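K.L.:
To start, I am sharing the structure in question, which I have written as structure tokens.
The values are calculated or read from the model by the stated rules, or taken from the named source; none is laboratory data. On a predicted model such as this, the values are computed, not experimentally measured, just so you know. Cβ placement follows ideal geometry from the backbone for every residue including glycine, while neighbour counts extend to all protein chains displayed. Accessible surface is based on the protein model in full, side chains and every heavy atom, while ligands, DNA and RNA are left aside. Shrake-Rupley method; radii C 1.70, N 1.55, O 1.52, S 1.80 Å.
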Amino acid sequence: MVNELIPVTRDVDHGTAKLMPDIDRERAWLLTVDGAPQSYVDLDDPAHLEFEYTRRLGHVLDVVAEPGRALDVVHLGGGAFTLPRYVAVTRPGSRQDVVEADRGLLELVSGHLPLPQGANIALHAADARLWLENAPAASADVLLADVFSGSRVPAHLTSVTYVREAARVLRGSGVYLANLPDAAPFGFLRSQLATLATVFEELVLIAEPAVLRGRRFGNAVLVAGRQTIDIAALARLTAADAFPARVEHGVALRAFVGGARAVRDEDAVPSPEPPDGAFGIG
């Protein structure tokens, strides 16, 4: 249990993880790995989403089904379990799986920032793609990918083969979400949209205007599904944030993708290396 406001540092499987208390919120913690912020969680208020990209993912989770309806959700990438905690309080009764390749990180977070009692959240120490390949077909309503090796999305989670596995695990009305980093000219982001388009009919991109205008490196949230997504509701929620984001879809998004090609396994590369200081703290 957390009972002292002191940082916790531990070498985990893929780096050095640190849990740092927020002096302004009594039981809130920031998780970093090798100095890069990974997650922020408030144990007393799990519905509080501190990071901008996390709020955008939360907005999508809010509109994929009627409010309060329980969902089956798979989270690829664990962090501090911020969004699993969010789903547990906003959609009680949901069944969730968290897949995290770093067993040491899973043990650190679950030991120091325990999940709420009664939350139906299963933790799996496994590679995201391998876990998907063994998951039952049509077993999830939402598949949320927020997977980083260091500061980059691993190459094997960017290809058509991976996307087909994700689609297989989702139900017909299911939604795929991904947090992806990039900067102009957006070669990685465009290729990921083209890859998703090989399987999913509906695509949405959410990002800050400054990122889309090429002014800085940043996160974008991609949403993909086989059925219509409530764009109007999503746009209202993202516009109301302290740092508003744009919601692109339809003709504008197709123009953004342009002639980008879908990614094959043999051509897959990790997401771009962030510039120095892009996500660091201190």
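K.L.:
May I have the pair-distance distribution P(r) for the stretch 109-222, computed from all Cα-Cα distances with 10 Å bins from 0 and rounded to whole percent?
P.N.:
Result returned by the calculation: 12, 40, 33, 15, 1.
K.L.:
Taking the chain as a Gaussian network, where each spring joins two C-alpha atoms under 10 Å apart, which residue of Asp97, Asp141, Asp44 fluctuates the most?
P.N.:
Looking only at Asp97, Asp141, Asp44, the largest GNM fluctuation is found for Asp44.
K.L.:
Now for a different question. Can you put Asp146, Asp182, Asp265 in order of accessible area, largest first, using a 1.4 Å probe?
P.N.:
Numbers: Asp146 40, Asp182 10, Asp265 70 Å².
Most to least solvent-accessible, the answer reads Asp265, Asp146, Asp182.
K.L.:
Between Ala242 and Ser173, what FRET efficiency follows from the Cβ-Cβ distance if R0 is 30 Å, with the result rounded to 0.05? Don't skip to the end; give the middle numbers.
P.N.:
On the way: r = 31 Å, r/R0 = 1.05.
The formula returns an efficiency of 0.45 here.
K.L.:
Something else about it: If each residue of separation counts as 0.36 nm, what is the full-extension length gain between Ile23 and Asn134 once their alpha-carbon separation is subtracted?
P.N.:
Numbers: separation 111, 0.36 × 111 = 39.96 nm, distance 4.22 nm.
Full extension from Ile23 to Asn134 adds 35.7 nm.
K.L.:
What stretch of the chain, leaving out the sites themselves, is the longest with no GluC sites (Glu not before Pro) in a DSSP loop having at most 15 other Cβ atoms within 10 Å? Show your work: numbers first, answer last.
P.N.:
Numbers: sites that count: Glu4, Glu26, Glu201.
Counting at most 15 other Cβ atoms within 10 Å as exposed, the longest clean stretch of the chain is 27-200.
K.L.:
Accessible area of the stretch 107-164 with a 1.4 Å probe: how many percent of it is carbon plus sulfur? Walk me through the numbers on the way to the answer.
P.N.:
Numbers: 1240 of 2490 Å².
Solvent-exposed carbon and sulfur of the stretch 107-164 make up 50 percent of the total.
K.L.:
Something else: Roughly how many debye, to the nearest 20, is the charge dipole of the stretch 50-267 about its Cα centre, given +1 on each Lys and Arg Cβ, -1 on each Asp and Glu Cβ, and no other charges? Present the calculation step by step, with values, prior to reporting the outcome.
P.N.:
Values: 22 positive and 24 negative charges, 91 e Å.
Around 440 debye, computed over the stretch 50-267.
K.L.:
Where nothing but the Cβ of Lys and Arg (+1) and of Asp and Glu (-1) is charged, how large is the charge dipole of the stretch 154-247 around its Cα centre, in debye to the nearest 20?
P.N.:
Values: 10 positive and 7 negative charges, 22 e Å.
The calculation lands at about 100 debye.
K.L.:
What are the ³J(HN,Hα) couplings of the stretch 92-105, residue after residue, when phi is run through the Karplus curve with 6.51, -1.76, 1.60 and θ = phi - 60°? Round to Hz, x for glycine and proline.
P.N.:
Those phi angles translate into x, x, 5, 9, 10, 10, 10, 10, 9, 6, 8, 4, x, 5 Hz.
K.L.:
If you take the beta carbon distance between His112 and Val251 as r and set R0 to 51 Å, what does 1/(1 + (r/R0)^6) give as a FRET efficiency, to the nearest 0.05? Can you show the working numbers first?
P.N.:
Working: r = 47 Å, r/R0 = 0.93.
So, using R0 = 51 Å, E works out to roughly 0.60.
K.L.:
Give the calculated FRET efficiency between Thr228 and Ala126 to the nearest 0.05, with a Förster radius of 41 Å applied to their Cβ-Cβ distance. Spell out each step's value before the answer.
P.N.:
Details: r = 33 Å, r/R0 = 0.80.
After rounding, the FRET efficiency stands at 0.80.
K.L.:
Further question on the same structure: Each residue of the stretch 185-202 in turn: what ³J(HN,Hα) in whole Hz from Karplus with 6.51, -1.76, 1.60 and θ = phi - 60°, glycine and Pro shown as x?
P.N.:
Values per residue, Gly and Pro as x: x, 6, x, 5, 5, 4, 5, 5, 5, 5, 5, 4, 5, 6, 10, 9, 7, 9 Hz.
K.L.:
Turning to a different aspect of this structure: For every other residue with a beta carbon closer than 12 angstrom to the beta carbon of Gly172, add +1 if it is Lys or Arg and -1 if Asp or Glu, then tell me the sum. Walk me through the numbers before you get to the answer.
P.N.:
Values: positive: Arg168, Arg171, Arg226; negative: Asp141, Glu201.
Neighbourhood net charge equals +1.
K.L.:
Please work out the average accessible area per residue across the stretch 50-267, using the 1.4 Å probe convention, and give it in Å². Could the numbers behind the result be given before it?
P.N.:
Values: 8750 Å² over 218 residues.
That works out to 40 Å² for each residue.
K.L.:
Once you've got the GNM for the chain with C-alpha springs shorter than 10 Å, pick whichever of Val87, Val74, Val211 has the biggest mean-square fluctuation.
P.N.:
Taking springs between Cα atoms under 10 Å, the residue moving most is Val211.
K.L.:
Using a Gaussian network model of the chain with C-alpha springs under 10 Å, which one of Gly250, Gly214, Gly79 is most mobile by mean-square fluctuation?
P.N.:
Gly250
K.L.:
Return the sequence-ordered ³J(HN,Hα) values of the stretch 256-267 in whole Hz as given by the Karplus equation 6.51 cos²θ - 1.76 cosθ + 1.60 applied to θ = phi - 60°, using x for Gly and Pro.
P.N.:
Each residue's phi maps through the Karplus curve to give 5, 5, x, x, 4, 9, 5, 9, 8, 3, 6, 9 Hz.
K.L.:
Leaving out ligands, DNA and RNA, and with a 1.4 Å probe, what % of the accessible surface on the stretch 37-100 is carbon or sulfur?
P.N.:
Numbers: 900 of 1920 Å².
Result for the stretch 37-100: 47 percent of the exposed heavy-atom area is carbon or sulfur.
K.L.:
Stokes-Einstein diffusion coefficient for the chain at 37 °C in a medium of 0.692 mPa s, Rh from the Kirkwood formula over Cα pairs: what value in µm²/s?
P.N.:
Numbers: Rh = 19.0 Å.
The diffusion coefficient I find is 173 µm²/s.
K.L.:
Students often get this wrong: which residues of the stretch 144-169 have the backbone nitrogen under 16 Å from the point 7 angstrom along Cα-to-C-beta of Asp265?
P.N.:
Zone members listed by number: 155-168.
K.L.:
In addition: Taking every Cα atom in the stretch 1-151, find the radius of gyration and the maximum pairwise distance Dmax, and write them in Å.
P.N.:
Rg, Dmax (Cα atoms, Å): 14.7, 44.
K.L.:
Right, here's the next one. Assign unit charges at the C-beta atoms only (+1 for Lys and Arg, -1 for Asp and Glu), then state the dipole size of the stretch 87-143 relative to its Cα centre in Debye, rounded to the nearest 20. If you can, show how the numbers build up before the last one.
P.N.:
Working: 4 positive and 7 negative charges, 40 e Å.
My answer is approximately 180 debye.
K.L.:
On a 0 to 90 degree scale, rounded to 10, what angle separates helix 52-63 from the longest Cα axis of the chain?
P.N.:
It is inclined by approximately 70 degrees.
K.L.:
Also, I was wondering about something else. I'd like to know which of His75, Phe217, His112 lies farthest towards the positive end of the charge dipole of the stretch 50-267, counting +1 on Cβ of Lys and Arg and -1 on Cβ of Asp and Glu.
P.N.:
Phe217
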